[in-house]
Each structure stands twice: as C-alpha cells, then as structure tokens.
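Engineer: Below you'll find the structure I mean.
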Amino acid sequence: MSSDPEAPDAQPRGWRDLHPGALALVFADAGAGLFPLTRERDKLGVPFGGEYRMIDFALSNCLNSGLRRVRVFVRRRSPEIDRHLRMGWRVLSGELGEFLEVVSPGEDSGGDAYGAGAAVVSGACATPGHDLETVCVLIGDQICRMDYGELLEAHARRRADLTVACRRDAAGHAPFGTVEADNDDRLKSIARVRPSREGEGGRVLVPVGAYAFARPALERFAGEFGSRDGLDLFRDVVPAVARRGRAFAWIPSDPSNRGDGFYWRDVRTIDAYHEASIDLVGDPPALDLYDARWPVRTHREQRAPTKIVSSSTSSEAERSIMGAGCLISGGRVEGSVLFPNVRLHDGSLVSDSVLMRDVTIGKGATVRRAIVDEGVSIAPGERIGVDPDLDRRRFTVSPGGVVVVPRVEQTV
C-alpha cells in the first residue's frame, strides 16, 4: 500500500477544485483488437483489474479531476454497461448541473473514436447553457491515471484553442500518431505516422488520448466544415483546429504525487490487455489501485470475502489480485488477476492469467498465460496455455501467445 488514507492530501484535488465550464466526451473504437472479449460487449465495458471495467478509469479520472459533466459514447448499448453505469456512477447531481449521459451510435453518428469528429463538434455547439468553455475529448480504450484538471488549467493559462496531452517517449507505441512541438510546447505539426527524425528546433511527442478544445474553436470549425457524418477526430478536427488557432502540447504529471510519472497503457490488443493486467500484480505495481489519493470507482456486487482453504493438497496464492467471493480450495494461483466468484479446485494451477467473474477451474486443470472470460468452467485435468498447437485449434491465440477462452464456451 503506497498511501495513507488518513493523510491530509489523501482526497483527490478534483473533489475540491471543480471545472463547471468543461464537458468531457468519452469514446472508444469498435474493439476489434480485443476480440473475442468484445464479441458480446462494448469495449468500454470490458472487465479489467479484478473489480473494474475499462470505462471506470476514464470516469474516475474525470471525477477525481473535478469534471462533472460527462457524455459517454458506446458502440453497443447493452443492459450490462447500462446497469454498470447506473449502479456504479450515481454520484453526480443534476440539481448542480452535473450529469453522466450515455449515447449510442443510434443516437449520434459519432460513436467511434476514429470517426468522432461530428460528435465532438455537435457536443460543443448543441450543449445547452452558455457556461460551456472547454470540451475535453477522452479516448476510453486505455488504462491511465491522469489529472484532467491540470490539462484544463494549462489550456486556460495559455488561452489555447487546442491542448493535446502527450508523453515524451517518442520511440514507443503511438496509437494516435505523433505531434511536433517547439520549446514552448507550441504545436508545429501533427502526423498520423511517426516521422523518421525530429524536425529542426522541435520535439516529437506521442499523444495519449486526451484533448482540450476551446468551445469557440469548435464552433468556428463547425461554421467552416459543418458537423457532417464521417468527420474524423484525428484526421479532420484536430489538425484543422491546430492550423487555425493556438495549439499546444501538455505533458501530464503523476496525480498521486508518487514521483514515478503518470500511468498510461494502450490496451487495444489482447497482448496489451494481458500485459497491463499482469502489471497490476508487480511489487510495486505499475498502477497502484490502492492509492487513496487517486481512487478508481466502480460498481461492486455484494459478495462474501475471498477464502483460501486446503483440501487434499494445500492452497497457495502468490503475487495475485483476487476479487470478492473467490474460493481457492487446494489450488495454486501465481501472478494472476482473479475477478469475483472464481473457484479453483484441488490440484489446479493458474499462472500469469486473467480469470473473469464466475470462472471455475476444475480439479487438476492447468491455465497458463490465458484470459478466461466470464462464466466459463474449465474441466478437470484440462491444459490451457501448455500446447500452443492445440490451443490454436480450439481458441483465439494472440501474436504474443496469450490464449483467450471466450464466454460462449461455457464448459471447456
């Protein structure tokens, strides 16, 4: 545990410093890279971290940062995501002008992060009230810990039309392209692909999926280009606003003040999702879920505590996260993430894996480097993640060798 919940600065700054003039729009793409986890659920509803769903991290950042007007765009409206948001996020007050709205593609043409330009423009121009100053666009298919309040403050201080949150690791993964900025962080260029070298007098930075737009800049864009369907956020809106106005890069700090930099992981593929999940069991973890200064909120069902007992063989648990209601009965779990109500029976072994809610691992079964979706029962003696050829014949196997057992396979 890296923080003292009783410390004077234990509460996030956003609980004190609100940003009533800002609207947050949260998007994700269709989730093809996470198939089959997205076969029956919206990408923002994919479980992560033993208790949470992916949407919880962007929404927790909003709440902790003082952003209390939020619109979430889902590609697949389902009772599962609706119930999660309704039950877990009833903390905003309509009487104070706060809201959390869920918009599906049937209600708005901008349900995709990579075609969200129309939704961003219409969100700025059609939101009731005259107090809206800034539209904060957030890409929700990533796991990050970021203070959006600092982004908004930097945006206002520079009187910017556009501010792009970036990281310095220009050699790393760049899912949203790159930007080049001068020594004053003023944007010089925006590229969808990484340049071969940095330009003269500039630095190449990598956007991390958070953008602050001044409302007047988006209204000017709408007057010139309209809010027609098919506008792309990265191809159309961001470059046009940057060319016509004051555009800056902004590099986040760590909102928990631990000094190890802000946390950001793109989890748009099975391998990236698995790696980010296993990151959580490190010592210290790359992302500290126990930090009271930057809590992650979610909806938790009422369940009994987790229990570890021995049967004919002893139970062991090492470097793992386990949600409520798990029962380890003679099994061994190491370096894994277990969601609520998982059962491990006598002689079973789970290693470097993610087991989602209501998974059962039968007697003597082995699961290595795998993601097992909700409600799946692994038969006694089954071996997953041991024989790559057999795994590929039965399941989805990622380029990095992670086996995905989908929930359509109720018994394996």
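Engineer: How long is the gain from R158 to S78 if the chain were fully straight, where each residue apart is worth 0.36 nm and the alpha carbon distance is subtracted?
Structural biologist: Difference between extended and current length: 24.7 nm.
Engineer: Can you tally the net charge around I308? Count Lys and Arg as +1, Asp and Glu as -1, for every other residue whose Cβ sits under 15 Å from the Cβ of I308.
Structural biologist: Around I308, the charge tally is 0.
Engineer: Same structure, new question: Label region 273-321 by shape, choosing from rounded, prolate and oblate, from the square roots a ≥ b ≥ c of the eigenvalues of the Cα gyration tensor; if a/c is under 1.5 it is rounded, and otherwise prolate applies when a/b is larger than b/c, oblate when it is not.
Structural biologist: Taking the square roots of the gyration eigenvalues as a ≥ b ≥ c, region 273-321 is oblate.
Engineer: Using the Cα gyration tensor of region 307-405, with a ≥ b ≥ c the square roots of its eigenvalues, what is the shape: rounded (a/c below 1.5), prolate (a/b larger than b/c) or oblate (neither)?
Structural biologist: Taking the square roots of the gyration eigenvalues as a ≥ b ≥ c, region 307-405 is prolate.
Engineer: Quick check for you: which residues of region 201-225 have the amide N under 13 Å from the point 7 Å beyond the Cα of R186 toward its beta carbon?
Structural biologist: 202
Engineer: Which of the peptides 382-388, 298-304, 399-405, 132-138 is most tightly packed, and how do the rest follow, going by the mean number of other Cβ atoms within 10 Å of each residue?
Structural biologist: In descending order of packing, they fall as 132-138, 399-405, 382-388, 298-304.
Engineer: Going by a ≥ b ≥ c, the root eigenvalues of the Cα gyration tensor, does region 9-90 fall in the rounded group (a/c under 1.5), the prolate group (a/b larger than b/c) or the oblate group?
Structural biologist: Prolate, because a/c is 1.5 or more and a/b exceeds b/c.
Engineer: List the lysines whose Cα lies under 20 Å from the Cα of K307, skipping any in the same chain that are fewer than 8 positions away.
Structural biologist: Excluding near neighbours in sequence, the set is K363.
Every number here is computed from the coordinates shown, using simple stated rules; none is lab data. All of these numbers come straight from a predicted model, not from anything done at the bench. Using ideal geometry, Cβ is built from the backbone for each residue, glycine included, and neighbour counts are taken over all protein chains shown.
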